[in-house]
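*Asks:* Below is a structure I'd like to ask you about.
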């Protein structure tokens, strides 16, 4: 009996019309990849600003809760564009990506980013009375930096697996 | 043989530092641009935000340029003669000059809404186009 492997599933996915078109295009693939990275840079600014505020290293003239609230929309927009581009990139080369350990670690880290958001939702990110310099805030910011550095590194490292 | 070619992990690490550097640089500039566009997040003035993000922009550019030079040194002939990379160098020079002579003074002053928005849009375009240059270099 033949078991469906991750590579098989990836192959079926990347054979879909849109993914094949992206893979075989000369300009769409690099354009999507560049957009993915440019998004990281621009919207990474919102993450950087939030974390710096939580750590008390910058923007201390504004309450942390306000900084978080005002930057939320930007993070959502950035995240949606980044994920969309990421899906297109990974989907178009799914048979290679799904079995790539660095891609797998990256997806694991992405899951941890989601868990991080849920864990600190009540105490930090949706806490209107967030106390300045709270341990929860500092922990959330530090973990956020670590997770994003990991995502960035694993993203780059995908290209090094053969 | 170039150390980065001999040790592939060193090449990867340098590329990671390059991405981290430009993410910090562009992200910290974008934070000021958000304020110029009127979507600010701080009670403080744009000048105050720019003053606080300035060191991060400098840190990010330094990291990106140094790691970029190391990557370039693996194959200087191809990098320096490639039209996309030449465009990237010119854009980088333009972006740094623009940041120091237009973006900075406008952020520290009291520009009209229209001028502030125009300055922010040009800034975002200049900095993000560097990312596109880098990727398109690798694909052409």
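*Asks:* Could you please find all residues in the stretch A:22-59 being over 19 Å from the mean Cα position of the chain (by Cα), more than 9 Å from chain B (Cβ to nearest Cβ) and on the phi < 0 side of the Ramachandran plot?
*Replies:* Hits for the stretch A:22-59 are A:22, A:23, A:24, A:25, A:28, A:54, A:55.
*Asks:* May I pose another question? Report the residue count in the stretch B:84-120 for those that are in a helix (DSSP H, G or I) and in contact (Cβ under 8 Å) with a residue 24 or more places away in the chain.
*Replies:* Final tally of qualifying residues: 21.
*Asks:* So, one more: In the set B:91, B:110, which member is surrounded by fewer than 20 Cβ atoms within 10 Å (Cβ to Cβ), within 14 Å of chain A (Cβ to nearest Cβ) and farther than 17 Å from residue B:17 by Cβ?
*Replies:* It is B:91.
*Asks:* Inside the stretch A:1-19, can you point out the residues that are more than 22 Å from the chain's Cα centre (by Cα) and under 30 Å from residue B:125 (Cα atoms)?
*Replies:* Residue satisfying the conditions is A:18 alone.
*Asks:* Any chance you could count how many residues in the stretch B:22-41 are more than 10 Å from every other protein chain (Cβ to nearest Cβ) and assigned to a helix (DSSP H, G or I)?
*Replies:* Within the stretch B:22-41, residues that are more than 10 Å from every other protein chain (Cβ to nearest Cβ) and assigned to a helix (DSSP H, G or I) number 2.
*Asks:* Here's something else I'd like to know. Let me spell it out: the conditions are (1) crowded, with 19+ Cβ neighbours inside 10 Å; (2) at pLDDT 90 or above, and residue A:93 meets all of them except one. Which number is the exception?
*Replies:* Residue A:93 satisfies all of (1) crowded, with 19+ Cβ neighbours inside 10 Å; (2) at pLDDT 90 or above except (2).
*Asks:* Here is a further query. If residue A:107 passes every condition in (1) touching a residue at least 24 places away in the same chain (Cβ under 8 Å); (2) more than 19 Å from residue A:22 (Cβ to Cβ) but one, which one does it miss?
*Replies:* (1)
*Asks:* Sticking with this structure for a sec: Tell me, yes or no, whether the stretch B:42-59 has at least one residue that is outside any helix (DSSP H, G or I) and either in contact (Cβ under 8 Å) with a residue 12 or more places away in the chain or more than 12 Å from every other protein chain (Cβ to nearest Cβ) (or both).
*Replies:* No, the stretch B:42-59 contains no residue that is outside any helix (DSSP H, G or I) and either in contact (Cβ under 8 Å) with a residue 12 or more places away in the chain or more than 12 Å from every other protein chain (Cβ to nearest Cβ) (or both).
The values are calculated or read from the model by the stated rules, or taken from the named source; none is laboratory data. Just so it is clear, the model here is predicted, and its values are computed rather than measured. Methodologically, a virtual Cβ is constructed for each residue, glycine included, from the backbone with ideal geometry; neighbour enumeration extends over all protein chains shown.
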